[in-house]
Amino acid sequence: MAAQTQQGGTEAWPSRPVTILVPFVAGGPSDIVARVIAQYGGQSLSQPVVVENRAGANGEVASRLLARAQPDGHTLLVGSIGVFAINAALRPNLGYDPLAFTPITLAVTTPNVLVVNPDKVPATDLRGVIDWLRRNPGRTSYSTSGVGSSDQMTMELFKQLTETDPAHVPYAGGAAAATDLIAGNVELSFQNLGTVAGHIQGGRLRPIVVTSAERHPVLPDVPTATEAGLKDFVVTSWQALMAPPGMPAALVRRVHTAATDALRHPEGRQRLEQVGFTVVAGSPEAYAAFQREEVERWRGVVRTAGIKAE
């Protein structure tokens, strides 16, 4: 997709390098998706596409930057369910409005997977993990990609259903959470499959259950949480691409085309699917409706569970 001139005589897009902000450290799900968009989208544009990791406050640092950026297509953000939905439900004084951004596309979805450090947790199935947690009250902990992330919400729901009490240890992204889990500084975690698939395949982490409605092709031998005994325990995480508020509709279409072409690129799609993502690459309108539904869903979960921002 070559640079094009916007209607009305405004500057062509892109007229300079495009920056994709990532609100977490490198290596996590948002970062993986952003780099696929940057690499394969950049091949068809007249300007480079660069990824800039701006971690902090579970996405608030990068999101504030996006909120202040010009809506000219040169600053975008790939963020998670936490950044674009759960934060709004969890934090009443959030420093940005996720629903005010210009939606581009729901990029990918993925289940979470309960993983344990195999040297710290002797259990190999869900019942064994629950029993082990109950035998060690006050002495276990779990890592997440940040306060208000889908992995925290998933674990908090798990704790309520199983009457267990691992302590929350938040990190600045899924990659950091997985690294400390592998190091043995925490014992378990619900992580996006895309973050931990390689660690599972390499034997560094042991999978217990996935949170999808059906078994995942990347881990066909790992049962769903429902199969293992947690009825209707289904959580789907996701990553989306957003632009600053107020982007013109014609420019939205061009950015959307570049991004979704990148996500559907055979090599890019293969890279994403290999680590457990399902590529969606839908329309801006479909994502906008989905995002509103997700915000309302997680508001209900937070309210019912009594979860508070830490």
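The values are calculated or read from the model by the stated rules, or taken from the named source; none is laboratory data. Here the structure is a predicted model, which is why all the values come from computation and not from measurement. Here the Cβ is made from the backbone with ideal geometry for all residues, glycine too, and neighbour counts use every protein chain on show. With ligands, DNA and RNA removed, areas are computed over all heavy atoms of the protein, side chains included. Shrake-Rupley method; radii C 1.70, N 1.55, O 1.52, S 1.80 Å.
Kindly provide the set of residues from the stretch 223-259 that are of a type in the set (Val, Ile, Thr) and under 18 Å from the mean Cα position of the chain (by Cα), ordered by number.
From the stretch 223-259, those of a type in the set (Val, Ile, Thr) are 224, 226, 234-236, 252, 255, 257; that's our starting set.
Val234, Val235, Thr236 - these are the residues of the stretch 223-259 that are of a type in the set (Val, Ile, Thr) and under 18 Å from the mean Cα position of the chain (by Cα).
Looking at Gly138, is it over 30 Å from Arg254 (Cβ atoms), open to solvent by 10 Å² or more (accessible area, probe 1.4 Å) and either touching a strand residue (DSSP E or B) at 6+ places or on another chain (Cβ under 6 Å) or not in a helix (DSSP H, G or I) (or both)? Write out each step before concluding.
Numbers: over 30 Å from Arg254 (Cβ atoms): yes; open to solvent by 10 Å² or more (accessible area, probe 1.4 Å): yes; either touching a strand residue (DSSP E or B) at 6+ places or on another chain (Cβ under 6 Å) or not in a helix (DSSP H, G or I) (or both): yes.
Judged against the criteria, Gly138 is a match.
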Take the stretch 141-164 and flag every residue that is among the β-branched types (Val, Ile, Thr) and open to solvent by 10 Å² or more (accessible area, probe 1.4 Å). Val147, Thr164
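Go through the stretch 74-88 and report how many residues are touching a helix residue (DSSP H, G or I) at 6+ places or on another chain (Cβ under 8 Å) and surrounded by fewer than 24 Cβ atoms within 10 Å (Cβ to Cβ). Spell out how you get there, then give the answer.
From the stretch 74-88, those touching a helix residue (DSSP H, G or I) at 6+ places or on another chain (Cβ under 8 Å) are 75-88; that's our starting set.
This time we only want the ones that are surrounded by fewer than 24 Cβ atoms within 10 Å (Cβ to Cβ), so: 75, 88.
Looking only at that region, the number is 2.
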Failed condition for Val295, given (1) open to solvent by 40 Å² or more (accessible area, probe 1.4 Å); (2) touching a Leu at 6+ places or on another chain (Cβ under 9 Å); (3) under 30 Å from Thr162 (Cβ atoms); (4) not basic (Lys, Arg): (1)
When Ala26 is run through (1) at pLDDT 90 or above; (2) over 28 Å from Leu193 (Cβ atoms); (3) open to solvent by 40 Å² or more (accessible area, probe 1.4 Å); (4) in a loop (DSSP other than H, G, I, E, B), the failure sits at (2)
Tally, over the stretch 221-253, of residues that are crowded, with 18+ Cβ neighbours inside 10 Å and charged (D, E, K, R): 0
What about Thr124, is it closer than 29 Å to Ile37 by Cα, among the β-branched types (Val, Ile, Thr) and open to solvent by 10 Å² or more (accessible area, probe 1.4 Å)? no
